[in-house]
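The values are calculated or read from the model by the stated rules, or taken from the named source; none is laboratory data. Because the structure is a prediction, the values reported are computed rather than measured. Using ideal geometry, Cβ is built from the backbone for each residue, glycine included, and neighbour counts are taken over all protein chains shown.
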Amino acid sequence: MSHINAKESYKNLEDRLNKFPQGAPASEVLYKILSILFTEKEAELVAQLPIKAFRIKTAANIWSVSESEAYKALDGLAKKALLLDIEDEKGKLYILPPPMAGFFEFAMMRTRNDIDQKLLAELYYQYISVEEDFIKDLFYSAETKLGRVYVQEEVLTNDNEVTILDHERATHIIEEAEHIGISMCYCRHRMQHVGKSCNAPMDICMTFNGTANSLINNKFARRVDASECKELLHQAYESNLVQCGENVKKGVNFICNCCGCCCEAMVAAKKFGNLHPVQTTSFIPSINIDTCVKCGKCVKACPIDAISQSVENDKVIIKIDEERCLGCGVCVRNCYKKSIILLKRNEKIITPSSSVHRVVLMAIEKGQLANLIFDNNALASHRAMGAILSSILKLEPTKRVLANEQLKSTYLDKLLSIKK
């Protein structure tokens, strides 16, 4: 009977995660992952929590316990990085992060003895790299992407510098961050345990702001200043790593420095071609065929195999697959003849303004907006509801109509009518 109850606790947690855009498709492997990360009691408690940020009092009311008991449970979950505890002017806010970028990764962002990280890494590999349902859902189930690529700023020309926007610069994200944390790369740590890691730098995963502060306080990251973080960014550039961060303009929570062999997004980009797993930069590389010596260094350096070398009519040809290319600039850095430059893409890259904006867009595209708004626990906060509605009102007309169709809400219908 206890086994059945345990299964039910993890199933409830699974269901909770999958009501929202960044979920985790059910499988026996997922059950094993959750059973390593959460005790049965923790799974039971977390399954009841709001996805939006909440305070101790909210959790105490949901769990029908005292605030001191709720605090003890929440603090224990934060110490395991299963919840983030974020400080604001009123005290502590707690939030359940998604599996990715979230508690899946946090579990491997330092060496731990309280869980079997080797077994966890093997299960992650099976769930993510073999079964693939999770990756397809994470990267390809919505038009709006979870992450986006930052261009390597050191290869930008003067013309590029004129056109690039602040939110497209990793250095700007670093300089604007209130807190900066550096952790072990989850991807390479995971692959190390399954014998498939590369030699790229390990301690180079960047988190920012409230997320960073929570991870630092709970010893999952070390605090650094902007200067040291930019030195690590330069190290990532020199190691041909691609910078993938949260797909928002303001309040970016993470920037990963990704290799083509260990990172799920880069592997997915190679496997699924022009179905971009992350939003591209606003740049695209162009080869000067008159100065290119066909050395092939750009082919080897490209982390997603978007550049190819072939022989046509006895001539060596270097081609860039523009449909696949992420616009990271790694190839430009590796061209010693400076025969590759970055040009602006023809299409305009649209970036959500904030995390709430991005989540609302993804929820609309996945048909889950009603879950996001009408989750009983999430609606304990009028501020959370206000932020969601504010983001809906800022959407383009077609998205607003789609949102209204999903909700069938008289109240929202009136708001949308006013906006028109």
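Remarks
- The combined condition, being of a type in the set (S, T, N, Q) and either free of Cβ contacts under 8 Å to residues at least 60 places away in the same chain or not in a strand (DSSP E or B) (or both), is fulfilled by Ser227.
- Taken over the range 185-202, residues that are within 20 Å of Met100 (Cβ to Cβ) and either without any contact (Cβ under 8 Å) to a residue 60 or more places away in the chain or buried (at least 20 other Cβ atoms within 10 Å of the Cβ) (or both) amount to 9.
- Answer from Ala60, Ala81 - the residue that is at pLDDT 95 or above and part of a loop (DSSP other than H, G, I, E, B): Ala81
- The range 205-220: number of residues that are surrounded by 23 or more Cβ atoms within 10 Å (Cβ to Cβ) and of a type in the set (Val, Ile, Thr): 2
- Test for Ser339: is it surrounded by 14 or more Cβ atoms within 10 Å (Cβ to Cβ), in contact (Cβ under 8 Å) with a residue 60 or more places away in the chain and of a type in the set (Ser, Thr, Tyr): no
- Applying a threshold of 7 Å to beta carbon distances and a minimum spacing of six or more residues, or different chains, the list of pairs starting in the range 119-132 at a residue that is under 16 Å from Lys271 (Cα atoms) and in contact (Cβ under 8 Å) with a residue 24 or more places away in the chain and ending at one that is charged (D, E, K, R) and surrounded by fewer than 20 Cβ atoms within 10 Å (Cβ to Cβ) is empty.
- Every residue from the range 9-25 that is part of a loop (DSSP other than H, G, I, E, B) and among the charged types (D, E, K, R): Lys19
- Only listed residue being closer than 21 Å to Glu246 by Cβ and buried (at least 21 other Cβ atoms within 10 Å of the Cβ), chosen from Leu83, Leu93, Leu45: Leu83
- Selection within the range 354-371 - part of a loop (DSSP other than H, G, I, E, B) and either touching a helix residue (DSSP H, G or I) at 6+ places or on another chain (Cβ under 7 Å) or crowded, with 23+ Cβ neighbours inside 10 Å (or both): Gly367
- Restricting the range 112-142 to residues that are crowded, with 16+ Cβ neighbours inside 10 Å and aromatic (Phe, Trp, Tyr), the residue that is farthest from Asn18 (Cα to Cα): Tyr125
- Exactly one residue out of Ile318, Ile289 is at pLDDT below 95, over 23 Å from the mean Cα position of the chain (by Cα) and surrounded by 15 or more Cβ atoms within 10 Å (Cβ to Cβ), and it is Ile318.
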